[in-house]
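Student: If you scroll down you'll find the structure; I have some questions about it.
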Amino acid sequence: MTSRTLPPAVLLLALTLVACGSEPPAEETLRPVRTQLVEAGVPDAERRLPGRLEAGANRRLSFRVDGQLETFEVSVGERVEAGQPLARLDATDIELQRDQAQASLAGARAAAVNAEAEWQRARRLYEAGSAPARQLDGARAQVESARAQQRSAERQLALAERQRGFAELSAPGDCRVAQRLVESGENVGAGQPVLVLACGEGMEVRAALSEDLLERVEEGDRVDVELPLLSLTLPGRVTEIGLPLQPPQATWPLRVSLDGDHDAAMAPRLTPGMAAEIRLPRAANGADSLWVPMAAVGEDAAGHYVYVAIEEDAAEPDANGRPLAQIERRDVGLGRRQGESLEIVTGLDGGERLVVAGMSRIADGQQVRLEARR
C-alpha cells in the first residue's frame, strides 16, 4: 500500500482542532458588588437649607382706583421716608369726575335755595288764607327733596376728591424699594400690586422645608444663618412653618428671623435678595439607630429587603486578590427617612456588610466578589 503525504493546509486544520479540544474550560465570572459596613448613629447630623434674605415686613402697595400709571417717583433700591410720593396715576378722568361733581353740587345748592324760597312764599300765602294746605305740603316736599339732592351732591364731590387722592401712592414708613411690578404707561386695576417695599429694620430668611425634615425643626428653635456673600454667620430663630401651597410638591414655607442684636454697622450690608443658608438643628435620633442609603433598599411583593454580603473565610480570593462573599437576602422593617437615608428598625444588625451597588444583578445565595468596601 502506497503512503500519501497530507497537504500542509489539512495538517494545520487538524492541529488547530486538537488544540481547541484540549483548552481548559473558562473560569466562571463572579459578579462584583460594592458594600459598606452598617454602623449605628445619625446619618445626616447637619442639614442646610438654601434660602433668601428678605425684609421682615414686605409691603405690596397698590392703587385703590383703576387707571393708567403715569410715573414712578422712586427707583429700585432707593430708601424712602414716611409720606414720600412713590407713584401716581394719570388723573385726567378723575379730575373730570371731580369737576362734574362740583357742577352737580352747585346745581343742587341752587335748586335747594329756590325750593326754600318757594316754601317760604307758600307758607305766607297759607297763613294769609290765600293758598290751600296741599300747596304748602307740596312746597315742603320740594324743599326736603332739594336738600337731599344737595347732600348727595356733596357726598359725590367728597368721593371725587378722595378718588383724586387714591391716584397717588405714598410711603407708609421708612422703607426701601424692593421691586417695581409694572411699568409706566401700563393700565392697572384697583388693588393690583405695583410696588414692593421692604420696611422695618428686622430681616428674615425664607426657605422651603421638605417633608423628611419636618421633625428636625419647630417654631422657636434657634438656628444659625450663613450669608456666603458677606462671609457672615448670624443667629436666628424659626418664626413660622407654613403649609404647602401646592401639596404635590410637599414643601413647607419656612421663615427664620435674624436676631436684632447684631452689629448696627452690619445692617446696611444686609440687602434683601441675598443668598442665605439655614443650618438646621442636629437630628434627635438615638445612638443605636441604623441608617442605610435608600438605594440599598429594595421592595417586592414580600416587602422591603436588603442584601447582606457574608464573607467566605475558607474561600480563596479571586485572581486580583479580592475577597469572595455569599449573598443573603434580609427582609427589613423601615422607620424614618432623613434625606437619602432610611432607618432600619428590624432585620439588620450593626457590623454587617450591606450591598449598596450592584444589587439589581444578584440573588439570594449567589457568590460574588467584593469590589470595594467601606
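Student: Output ³J(HN,Hα) for the stretch 101-117: one whole-Hz value per residue in order, computed from phi by the Karplus curve 6.51 cos²θ - 1.76 cosθ + 1.60 with θ = phi - 60°, and x for Gly and Pro.
Tutor: In residue order, the calculated couplings are 5, 5, 5, 5, 5, 4, x, 5, 5, 4, 5, 5, 5, 5, 5, 5, 5 Hz.
Student: Just subtract the alpha-carbon distance of Gln102 and Thr239 from 0.36 nm times their residue separation and send over the number in nm, one decimal. Walk me through the numbers on the way to the answer.
Tutor: On the way: separation 137, 0.36 × 137 = 49.32 nm, distance 5.20 nm.
Length difference between fully extended and current span is 44.1 nm.
Student: Also, quick follow-up: Hey, fewest Cβ within 10 Å first, where do Tyr126, Tyr307 land in order?
Tutor: Details: Tyr126 17, Tyr307 24.
The fewest-first ordering by Cβ neighbours comes to Tyr126, Tyr307.
Student: Report the full-extension gain for the segment Glu328 to Ser231: residue separation times 0.36 nm, less the Cα-Cα distance, to one decimal in nm. Intermediate results must be reported in sequence, preceding the final value.
Tutor: Values: separation 97, 0.36 × 97 = 34.92 nm, distance 4.98 nm.
The span from Glu328 to Ser231 would gain 29.9 nm if fully extended.
Student: 7 Å from Cα along Cα→Cβ at both Glu78 and Ala110: what's the point-to-point distance in nm?
Tutor: 4.5
Student: A further question on this structure: By count of other Cβ within 10 Å, fewest leading, how are Met274, Met359, Met294, Met203 ordered? List each step's numbers first, then the result.
Tutor: Numbers: Met274 17, Met359 20, Met294 11, Met203 25.
Listing Met274, Met359, Met294, Met203 from fewest to most nearby Cβ atoms yields Met294, Met274, Met359, Met203.
Read-outs throughout are calculated quantities, based only on the coordinates presented, and are distinct from any laboratory measurement. Only a predicted model underlies this, so the values are computations on that prediction, with no experimental measurement involved. Backbone-built Cβ (ideal geometry, glycine too); neighbour counts: all protein chains shown.
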